[in-house]
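Some notes on the structure that comes next.
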């Protein structure tokens, strides 16, 4: 993941925390939000499926990934499991 891609993903995750309307839209129409933020399609499934460990290994900050987990309905214990497991 290059710096530009990382910035776009992290900006979306930050906005999940700061802008409830983005969070709500993502739940209803994730592809539209991902496209609006200019996130490459190669990352869409990773984000929508909550592949936290993979995204973390690509350089996405773990605290921002917690915002993604919240939007996807992933509870704290499951977040910890996913962030630490190469299966995710």
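Readers should treat all values here as calculations from the given coordinates under stated rules, not as data from a laboratory. Keep in mind it's a predicted model, so treat the numbers as computed, not measured.
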Debye intensity ratio I(q)/I(0), log10, the range 3-84, q values 0.23 Å⁻¹ (C-alpha model)
-1.13
In percent, how large is the relative contact order of the chain, given Cα pairs closer than 8 Å and 6 or more residues apart?
33 percent
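Length gain on complete extension for the stretch residue 36 to residue 87, per 0.36 nm per residue less the alpha carbon to alpha carbon distance?
That pair, residue 36 and residue 87, stretches by 15.5 nm at full extension.
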Once residue 11 and residue 24 are pulled to full extension, the length gained, defined as 0.36 nm per residue separation minus their Cα-Cα distance, is 3.1 nm
Restricting to DSSP H runs of at least four residues, report the calculated mean residue ellipticity at 222 nm for the chain, -39500 (n - 2.57) per run over all residues, nearest 500 deg cm²/dmol.
-20000 deg cm²/dmol
